[in-house]
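The values are calculated or read from the model by the stated rules, or taken from the named source; none is laboratory data. Since we're looking at a predicted model, the values are computed, not measured. FYI the Cβ positions are ideal-geometry reconstructions off the backbone, even for glycines, and counts take in every protein chain you see.
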Amino acid sequence: MTTDKILEVDNICSYYGQSQIISGISFELFLGSTVMLLGRNGMGKTTLIRSLLNLSPPHKTGLVRFKGVDISNKKSYHISQLGVGFVPQGRRLFPSLTVAEHLEMVYRQDNGDSWSPKKVYELFPEIARRKNNKGTDLSGGEQQMLAIGRTLVTNPDLLLLDEPLEGLAPVVADKVMKMIQTLRSEGLTIFWVEQKAKFITEVADLVYIIEKGKLVYQDSSENFASDKEIKKEFLGV
């Protein structure tokens, strides 16, 4: 991790109609860091991550800079082309495409080719064995591996993960988590939205907590892991 900023978020507010979901959130991500955003259901985690990409809220105010470029009002596909990768909640695979087609369709070869379909298969041998199968015919864990792999072949500088462990059996979730640890060790910047705080010191440098659309906590993963009062107050654990 360096002191170089890769993402700057300044006073983001997001609305659905007249309902304000995100209320004045500001934070920074540094190159090579892994930040986990925690919070109970309905507190605005997914709305925040989608707001960064201009995906869902019909109305948003505030400023978002990626690598010094103002992306506040850019189209989502332009943000992706700049180097922001997104693994959405629920995986969002295409039922008509095979594993190989999912990867080849979005493979971006103009960014040093650090991630190719071949490298994804090396990271996820489970889907390599099924590359001619339809993506939606895979198990839940394999689908999540494919969703992550599909994003990696765009060769992002920043990876946004929206609850990648949701719905996975513990043994599969552990495998996916270890794969994300590998990405972290390779220096990829990761912003990870999650409900549960399990293994947090192993996968994150910093922890944010969102409560009713506001950031209410920010500290190192080590300090968070030892703070029982914070966990009880904001996460109910």
Q) Within the set of pairs 6+ apart or on separate chains, which have a first residue in the stretch 39-59 that is farther than 10 Å from Gly213 by Cβ, a second that is of a type in the set (D, E, K, R) and surrounded by 15 or more Cβ atoms within 10 Å (Cβ to Cβ), and C-beta atoms under 6 Å apart? A) Thr46/Asp162; Ile49/Asp162; Ser51/Lys60; Ser56/Arg50
Q | Residue in the stretch 123-143 that is surrounded by 21 or more Cβ atoms within 10 Å (Cβ to Cβ) and closer than 30 Å to Ser23 by Cα present | A | no
Q | Only one of Ser72, Ser56, Ser80, Ser96 that is among the hydroxyl-bearing types (Ser, Thr, Tyr), modelled with pLDDT under 90 and surrounded by fewer than 22 Cβ atoms within 10 Å (Cβ to Cβ) | A | Ser56
Q. Is at least one residue of the stretch 72-95 aliphatic (A, V, I, L, M), within 19 Å of Pro164 (Cβ to Cβ) and either part of a helix (DSSP H, G or I) or over 19 Å from the mean Cα position of the chain (by Cα) (or both)?
A. no
(Q) For Met105, only one of the following conditions fails: (1) surrounded by 15 or more Cβ atoms within 10 Å (Cβ to Cβ); (2) not in a strand (DSSP E or B); (3) not basic (Lys, Arg). What is its number? (A) (1)
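Sort out for me the helices (runs of 4 or more DSSP H) sitting completely within the stretch 145-237 that have 3 or more residues that are of a type in the set (A, V, I, L, M). Spell out the reasoning first.
On the way: elements: 170-185, 200-203, 221-225.
Here the list reads 170-185.
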(Q) Restricting to the stretch 196-218, give me the number of residues that are acidic (Asp, Glu) and modelled with pLDDT under 95. (A) 2
